[in-house]
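Data block below; observations after.
The values are calculated or read from the model by the stated rules, or taken from the named source; none is laboratory data. In this text the structure is predicted, and so the values were computed from the model without any measurement. Cβ atoms come from the backbone with ideal geometry, glycine included; neighbour counts cover every protein chain shown. To get the accessible areas, we keep the full protein, side chains included, count just its heavy atoms, and leave off ligands, DNA and RNA. Shrake-Rupley method; radii C 1.70, N 1.55, O 1.52, S 1.80 Å.
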Amino acid sequence: MALDLVFCGTYTEPSRQAGFTVTRERPVMGMTGPTGSEGIHVFSRDRTTGALSRIGTASSVNPSFLALDPRGRFLFAVNEVRDFDGEGSGAVSAFALDRETGALRFLSQVASGGGNPCHLTPSPDGRFLLVANHEAGTVAVLAVGDDGRLSPPLDLHADEAVDERAPHAHFITPDPAGAFVLATDTGTDRVMVYRQDPGSGRLVANDPPWGETHKGGSPRHLAFSRSGRHVFVNGEADLTLSLFRYDPDAGRLDYVGSRRTVPDGIDTTGHSTAQMLVHPGGRFVYVANRGTDTIAVFDFDEGSEELARVAVVPTLGQTPRNFEIDPAGDWLYAANQNSGTLECFAIDQETGNLRHAGRAAAVPAPTCIRLLAP
């Protein structure tokens, strides 16, 4: 019988991401040197209690974000580095996944099309992999072979600077219907919109080619409402959650407004948001706040477009880089990067609030959690 599997990406060598030798005197994102992680950590999950049991690890350098192919056969990881194989680029790795044991077998590694790739998502049919390269401000398309092996980038698009602000692509995903591809850029306050040719996989700028947040909104991640007619975007730099109306026929984004992810009166100098997800039931939206080390809980009424912050819950660790919600919507797993912990929270299905259910695992510098259920 196939297991519930949980995969955790990590930082292994912060110097490869930073571009300089990271030390205690010169840290990066709170890290002071090699983290002691080997790469991707694999767990089985008890869906009744939420508990995780370690299965093993797969060696990889800075696999800071992970994605599963639509059929659960392969696991893909960015390798968040500035230089790969002599190129000014990061890399992307592919692994074959044994659903019965959770074992990962390395398949291939290729350049990502730009420095420090930080996010990736497969196309709905699994034939292509979409990648966001933060340092270069580019998004790339890679082909995925029938055996899971990756091609070098077959298409590459560079975001343009806006008002002398350098672009930093951060997230890329198809919309729910697979008709458009949306990509966030923290440097330009834009969410780019593309059409993807189903045959070649290449991206073509939509008309209109982007939606914009408020100035300084620094869109990091996005998620669609349950109906697919609204898009949520968390602001990395200003700790906000923005709401857009989305026209799935035209790929058009219309900005509605934003809410703060932390209470008023808190000094958020140097703080930022990280992960953002919609609960499977569609009513609640969750945003991780780094610095205050909390997860904000929002209640969303799609009819009225009301977005209300109802709770801010400590993650009981430092720097919640990422979190995952199980398909049933019962459990949330938070990855606290700088305290090296995965914390498990039970979700109240009526209120959306979180109750700490215990420490799920200790993992050096965890950065991404992905869950695969049968």
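Anything in region 124-166 that is touching a residue at least 40 places away in the same chain (Cβ under 8 Å), farther than 20 Å from ARG82 by Cβ and part of a loop (DSSP other than H, G, I, E, B)? List them, or say none.
PRO124, ASP125, GLY126, ARG127, ASP147, GLY148, ARG149, SER151, LEU154
Does region 297-305 contain at least one residue that is without any contact (Cβ under 8 Å) to a residue 12 or more places away in the chain and of a type in the set (Ser, Thr, Tyr)?
Yes, the conditions are met somewhere in region 297-305.
Every residue, every condition in (1) in contact with a Lys or Arg (Cβ under 8 Å, 6 or more places away or on another chain); (2) open to solvent by 20 Å² or more (accessible area, probe 1.4 Å); (3) within 20 Å of GLY39 (Cβ to Cβ), yes or no:
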position	(1), (2), (3)
ASP98	yes, yes, yes
LEU104	no, yes, yes
SER108	yes, no, yes
ALA111	no, no, yes
PHE128	no, no, no
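Among the residues of region 66-79, is any farther than 23 Å from ARG54 by Cβ, basic (Lys, Arg), in a loop (DSSP other than H, G, I, E, B) and in contact (Cβ under 8 Å) with a residue 24 or more places away in the chain?
So far as region 66-79 goes, yes, one or more of its residues are farther than 23 Å from ARG54 by Cβ, basic (Lys, Arg), in a loop (DSSP other than H, G, I, E, B) and in contact (Cβ under 8 Å) with a residue 24 or more places away in the chain.
Among the residues of region 357-365, is there at least one that is modelled with pLDDT under 95, open to solvent by less than 30 Å² (accessible area, probe 1.4 Å) and under 27 Å from VAL78 (Cα atoms)?
yes
Going by the conditions given, is GLY30 touching a residue at least 60 places away in the same chain (Cβ under 8 Å) and open to solvent by 10 Å² or more (accessible area, probe 1.4 Å)?
Yes: the conditions hold for GLY30.
Here's the yes/no breakdown for (1) out of contact with any Pro (no Cβ under 8 Å at 6 or more places or on another chain); (2) modelled with pLDDT of 95 or more; (3) of a type in the set (Asp, Glu); (4) open to solvent by 10 Å² or more (accessible area, probe 1.4 Å):
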{"site": "ARG229", "(1), (2), (3), (4)": "no, yes, no, yes"}
{"site": "PHE232", "(1), (2), (3), (4)": "yes, yes, no, no"}
{"site": "ASP254", "(1), (2), (3), (4)": "yes, yes, yes, yes"}
{"site": "VAL262", "(1), (2), (3), (4)": "yes, yes, no, no"}
{"site": "GLY265", "(1), (2), (3), (4)": "yes, no, no, yes"}
{"site": "THR269", "(1), (2), (3), (4)": "yes, no, no, yes"}
{"site": "ALA274", "(1), (2), (3), (4)": "no, yes, no, no"}
{"site": "GLY281", "(1), (2), (3), (4)": "yes, yes, no, yes"}
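Among the residues of region 171-188, write down those that are open to solvent by less than 10 Å² (accessible area, probe 1.4 Å) and more than 20 Å from SER225 (Cβ to Cβ).
Once the filter is applied, which keeps residues that are open to solvent by less than 10 Å² (accessible area, probe 1.4 Å) and more than 20 Å from SER225 (Cβ to Cβ), region 171-188 yields ASP185, THR188.
Give region 297-312 a look and list any residue that's open to solvent by less than 20 Å² (accessible area, probe 1.4 Å) and either among the aliphatic types (A, V, I, L, M) or at pLDDT below 95 (or both), or say none.
VAL297, LEU307, ALA311
Could you identify the single residue in GLN349, GLN318 that is open to solvent by 20 Å² or more (accessible area, probe 1.4 Å), over 19 Å from LEU66 (Cβ atoms), polar (S, T, N, Q) and out of contact with any Ser or Thr (no Cβ under 7 Å at 6 or more places or on another chain)? Give the steps one after another, and end with the answer.
On the way: GLN318 fails: out of contact with any Ser or Thr (no Cβ under 7 Å at 6 or more places or on another chain).
Residue meeting the stated conditions: GLN349.
Would you be able to say whether some residue in region 142-153 is at pLDDT below 95, open to solvent by 10 Å² or more (accessible area, probe 1.4 Å) and of a type in the set (Gly, Ala, Ser)? Working first, answer last.
Of region 142-153, the ones at pLDDT below 95 are none.
Checked region 142-153: no residue is at pLDDT below 95, open to solvent by 10 Å² or more (accessible area, probe 1.4 Å) and of a type in the set (Gly, Ala, Ser).
Of all residues in region 34-50 being within 22 Å of the chain's Cα centre (by Cα) and of a type outside the set (Gly, Ala, Ser), which is farthest from CYS8 (Cα to Cα)?
Per the criteria, the residue is THR35.
Taking region 1-27, which residues are free of Cβ contacts under 8 Å to residues at least 24 places away in the same chain, under 22 Å from ASP83 (Cα atoms) and of a type in the set (Lys, Arg)?
The one that is free of Cβ contacts under 8 Å to residues at least 24 places away in the same chain, under 22 Å from ASP83 (Cα atoms) and of a type in the set (Lys, Arg): ARG26.
Spot the failing condition for VAL42; the list is (1) surrounded by 19 or more Cβ atoms within 10 Å (Cβ to Cβ); (2) in contact with a Ser or Thr (Cβ under 6 Å, 6 or more places away or on another chain), and only one is missed.
Result: VAL42 passes all but (2).
State which residue pairs qualify: first residue surrounded by fewer than 24 Cβ atoms within 10 Å (Cβ to Cβ) and inside region 322-338, second residue among the acidic types (Asp, Glu) and not in a loop (DSSP other than H, G, I, E, B) in any location, beta carbons under 8 Å apart, and separation of 6 or more residues or different chains.
Hits for this filter: zero, empty list.
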